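Written out below as structure tokens is the structure these notes cover.
Where a number appears in this text, it was derived from the coordinates with a stated rule and is not lab data. If you're wondering where the values come from, they're calculated on a predicted model, not measured in any experiment. As a convention, Cβ positions derive from the backbone with ideal geometry for all residues, glycine included, and neighbour counts pool all protein chains shown.
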Amino acid sequence: MKFFIDTANLDQIKEAQDLGVLDGVTTNPSLMAKEGIKGEANILKHYVDICNIVTGDVSAEVISTDLKGMIAEGEHLASLHKQIVVKIPMIKDGVKALKYFSSKGIKTNCTLVFSAGQALLAAKAGATYVSPFIGRLDDISYDGVELINQIVHIYRVYDYKTQVLAASIRHSMHIIRCAEAGADVATCPLSAILDLLKHPLTDIGLAKFLADAKK
Ligand code: G3P
């Protein structure tokens, strides 16, 4: 399972990269705004800064909602750095844009996916990644991980190459359940990745080993 970090915070990206388990980064306009990155030039530079920290794929989201706009924006984003993956919303023109970028060999991440039907469309359009938002489904009392199970099953039946990128992950149990479901990628906040480290028996056991080592 690949680990991506879901943030535009450079310090957090560096910390995850230093841990040695990071495979990529996802961002979205809300995450960029949270870091106070404003204006087209600053936003584009920030994507390049992220690419220079990590070795894997970096998702950069278009803000156009029409096909022509998404193509122009996506081509520009893709030209910034070879690690850029163009993030496209699951809307009608988005499906057409996924097909276009797929035919051009440009990687895509289909975002804002909340149903198996949407995931099926993304795969048929040739998306590199599909991003089901599991935390936001949990928020409305639907089991988000169940959607990951459903999509993984469908993709396996038809041998779709689109990778299931579990997004909107809120805690470490989400990561574990997505791993059990066979998600190809989990994009997580840094805190959820670091929480995987924790177990009280590890702390107790280490304290005892260190104490015994002094005897
Ligand atoms: O990057 C998309 C997704 O991970 C957003 O998560 O926490 O805003 O639902 P969240």
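Can you tell me which of 56-64, 27-35, 95-103 comes out highest on packing, and rank the rest after it, using the mean Cβ neighbours within 10 Å?
Result, highest mean first: 56-64, 95-103, 27-35.
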request  = Give the value in nm², to one decimal: projected area of the alpha carbon convex hull of region 8-119, averaged over all directions.
outcome  = 7.2
ask   = How long is the chain along each principal axis, judged by its Cα atoms, biggest number first, in Å?
value = 71, 41, 30
message = Could you order the peptides 165-172, 191-198 from most to least packed, using the average number of other C-beta atoms within 10 Å per residue?
response = 165-172, 191-198
inquiry  = When the expected Rg is taken as 2.2 N^0.38 Å, what fraction or multiple of it is the alpha-carbon Rg of region 119-209?
reply    = 1.29
remark   = The relative contact order of region 1-130, taking Cα pairs under 8 Å that sit 6 or more residues apart, comes to a percentage of 18
